[in-house]
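Data first, discussion second: the structure below is written as structure tokens.
A short reminder: the numbers here are calculations on the coordinates, not readings from a lab. Keep in mind that what you see is a predicted model, and the values were worked out from it rather than measured. We place every Cβ from the backbone using ideal geometry, glycine too, and count neighbours over all the protein chains shown.
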Amino acid sequence: MSQSVIEQSVAENIELPGYSGKPILTMTGVRGGYGDADILQGVDMQVSEQEIVVIVGPNGAGKSTAMKAIFGLLKVRGGSIVVNGTNIAGWKPNRIVQHGVCYVPQVDNIFREMTIHENLEMGAFLRKGDISDSLERVYTLFPDLKERRSTLAGNLSGGQRQMVAMGRALMLNPSLLLLDEPTAGLSPKYMEQIFEITRNLRDAGLSILLVEQHAKQALAFADKGYVLAAGSNRHEGTGQELLADREVAEMFLGG
Amino acid sequence: MPFMEFVNFYLMPGIVLGSIYALGAVGITLVFGILRFAHLAHGDLATLGAFAALGVVTIFGVSPWVALPVAMIFCAFMAIGIDKVFYDYLSERPKIIVVMSSLGIALMLRALVQVIWGVDTETYTRGIVRPENYWGIRIRDREIYTIIAMFAIVGVLWVFLQKTKWGKAMRAMSDNPDLALLSGVDNRKVTMLTWAIVGILCAASGFFLGINTELKPLMGWTMLLPMFAATILGGVGRVEGAVVGGLIVGIVEETSVLLIPGEYKAAMAFAILLLILLVRPTGLLKGKVL
């Protein structure tokens, strides 16, 4: 399907049933962890163009670890991580950033002593030349941030900090965005807002991999979900399929 | 005591000494904030800067003010070199090992100064300079230049940190090193840039101590405690705080002789350090907790 059809369908908000674009990220048999112990015992995952993929699972299942493995923050000892046709396993984070993958950590994901505007500028650190187009795009996504652009990020509420963190990651115009529990500790209002922004980003053409504790809410709008347990794949399916699966519901979604 | 006497004999010397401390403290705060260790060779790097300027003065017969920029550049490269050979080599090791190695560097730098220039007291210029009288304030030109130069150097640094891409990268590295790396900031470049700036500040600090007093191989080492007190008083990682802290320590040291015997002047920095750590460990301007 050509790009223009996608754009048109997004503009007109038409559902494209069964649409599956080209793969952006393909993980095959990824093993790795911190130190010598393998936390990931062979994880397979695929994120296609313009998809939201949610990773759910119990604590210690390796959800965040899988994300860190993609971003080069821990040793990958086996398997491949192919992004946009290139195996990036073993690359350093700053190289991965340039390859179109941006990552929002769960904690400490802002520069507290810097203003909102400076946080966004730091996100575009690797870009040369004018960044006003990206700034404008981020401020359009997060109008709250534009009003408070000169505020120190450390003085913001939890929800607004999360917006700064996401905004920072978007400044390089990534093709794949990794979000590690973006709604942890947020009020339901902000949670809904973050989820809505995530959907808007997908509709604007981005692929998103999301680790989420609020599994039910996230699977409700996810294109695809993976259930991880003990460092390997347990289930996979569309968001709706996983929500409907009795075993998944009982074991991992709290009944 | 008349007010002008207090200003002329206690407050002004305090501000001059405080400016010298401030230049050192700003460098210490940058190393603390960005590289995250206590740099114990700071004072002796300042000594080296002061003597490097003396070397330029004696070899080329130029004014000390011409020698200052040369000494700054020399110290910048020295600091980068020391980092490359020692601190960077130890960067993966526990920080306490880097701190201890900086103590070793301090001794090496001092020995270097003693080998080249001897152990005698030196001066940039001979003769006594009488203070000028400005509306009752008695101050020497070199003292005015010291204060102005401190504010000018720190001012330029502040603008650099606030407005330029690499200045912001330095602040980002101080604020959240992991996130700075995720944003693609090159740790090595920031480290080298920091050392270059630290070298420049050290040279300035040593030079101004030398031009206002004398040059001695131990001059920098004795400044180390007051400079650390100023850094922590102002708040670790805070450039503005280091300036405020430096001025306070300098003024307190000089005015303390009104109340206690002059021999205890040097203990004032220690008293301030102890007090601030007990009362407000983050410093006046809310720096990092050590």
J(HN,Hα) series, the range A:156-171, from Karplus relation 6.51 cos²θ - 1.76 cosθ + 1.60, nearest Hz, glycine and proline x: 8, 6, x, x, 5, 4, 4, 5, 4, 4, 5, x, 4, 5, 7, 5
Highest-first arrangement of B:4-10, A:214-220, B:89-95, where packing means the average Cβ count within 10 Å: A:214-220, B:4-10, B:89-95
Peptide-level mean, for A:108-115, of C-beta atoms on other protein chains within 10 Å: 5
Counting all C-alpha pairs of the range A:170-232, share separated by more than 19 Å (%): 30 percent
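DSSP beta bridges in the protein assembly as shown, what fraction antiparallel, as a percent rounded to 5?
Details: 26 of 43 bridges.
Counting DSSP beta bridges with both partners in the protein assembly as shown, the antiparallel share is about 60 percent.
From the C-alpha coordinates alone, can you work out the Kirkwood hydrodynamic radius of chain B, in Å?
Hydrodynamic radius (Kirkwood, Cα pairs) of chain B is 19.2 Å.
Cα-Cα over 18 Å: which of A:Lys75/B:Lys189; B:Lys168/B:Lys189; A:Lys63/A:Lys224? Walk me through the intermediate numbers first.
Numbers: A:Lys75/B:Lys189 25 Å; B:Lys168/B:Lys189 13 Å; A:Lys63/A:Lys224 15 Å.
Among A:Lys75/B:Lys189; B:Lys168/B:Lys189; A:Lys63/A:Lys224, the Cα-Cα distance tops 18 Å for A:Lys75/B:Lys189.
Taking each residue of A:122-128 in turn, how many C-beta atoms of other protein chains fall within 10 Å of its C-beta, and what is the average? Before the final figure, lay out each step's value.
Details: counts 13, 4, 3, 10, 4, 1, 1.
Per residue, the average neighbour count from other chains is 5.
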Rounded to 10°, Cα long-axis angle of helix B:64-82 versus longest principal axis of chain B: 30 degrees
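Based on alpha-carbon atoms only, what is the radius of gyration of the range B:128-256 relative to the globular estimate 2.2 N^0.38 Å? Intermediate results must be reported in sequence, preceding the final value.
Details: Rg = 17.4 Å, N = 129, 2.2 N^0.38 = 13.9 Å.
Cα Rg divided by the expected 2.2 N^0.38 Å: 1.25.
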Sorted by Cβ density within 10 Å, fewest first, the residues B:Ser256, A:Ser207, A:Ser48: A:Ser48, B:Ser256, A:Ser207
Zone of A:Asn59's modelled label, taken as backbone nitrogen in the range A:216-243 under 18 Å from a point 7 Å along Cα→Cβ: A:216, A:228-231
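Could you tell me the relative contact order of chain B? Use alpha-carbon pairs under 8 Å, at least six residues apart, and round to a whole percent.
Relative contact order for chain B comes out at 36 percent.
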The range B:266-272 - phi-based ³J(HN,Hα) in whole Hz, Karplus 6.51/-1.76/1.60, Gly and Pro as x: 5, 6, 4, 4, 5, 4, 5
Radius, Kirkwood style, for the range B:121-201 when every pair of distinct Cα atoms is counted (Å): 15.8 Å
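Where Lys and Arg each count +1 and Asp and Glu each count -1, what net charge lies around A:Ser150 among other residues with Cβ under 13 Å from its Cβ?
Details: positive: A:Lys146, A:Arg148, A:Arg149; negative: A:Glu118, A:Glu121, A:Glu147.
Around A:Ser150, the surrounding residues sum to 0.
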P(r) histogram, all alpha-carbon pairs of the protein assembly as shown included - 10 Å bins from 0, percent: 4, 16, 23, 19, 14, 11, 8, 4, 1, 0
Neighbour-count order for A:Cys102, B:Cys75, fewest beta carbons within 10 angstrom listed first: A:Cys102, B:Cys75
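State, to one decimal in nm², a quarter of the convex hull surface area for the C-alpha atoms of the range B:227-290, i.e. the direction-averaged projected area.
Details: hull surface 15.3 nm².
That works out to 3.8 nm², a quarter of the Cα hull's surface.
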Total formal charge among the other residues, if their Cβ is under 12 angstrom from that of A:Gly32, Lys/Arg +1 and Asp/Glu -1: +2
Net length gained if the chain between B:Arg36 and B:Phe6 were fully extended (0.36 nm per residue, minus Cα distance): 6.9 nm
Shape metrics for chain A, restricted to C-alpha atoms - Rg then Dmax, Å: 17.7, 53
Peptides ranked, highest mean first, by Cβ atoms within 10 Å: ranges A:179-186, A:64-71, B:264-271: A:64-71, A:179-186, B:264-271
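Sort B:196-202, B:278-284, A:109-115 for me by packing, meaning the mean count of neighbouring Cβ atoms within 10 Å per residue, highest on top. Show your work: numbers first, answer last.
Working: B:196-202: 26.4, B:278-284: 14.6, A:109-115: 22.0.
Result, highest mean Cβ count within 10 Å first: B:196-202, A:109-115, B:278-284.
Can you give the relative contact order of chain A as a percent, counting alpha carbon pairs under 8 Å and 6+ residues apart?
Here the relative contact order equals 25 percent.
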Within 10 Å of each Cβ in B:179-192, the average number of Cβ atoms from other chains: 5
Around A:Gly100: net Lys/Arg minus Asp/Glu count, Cβ-Cβ under 14 Å: +2
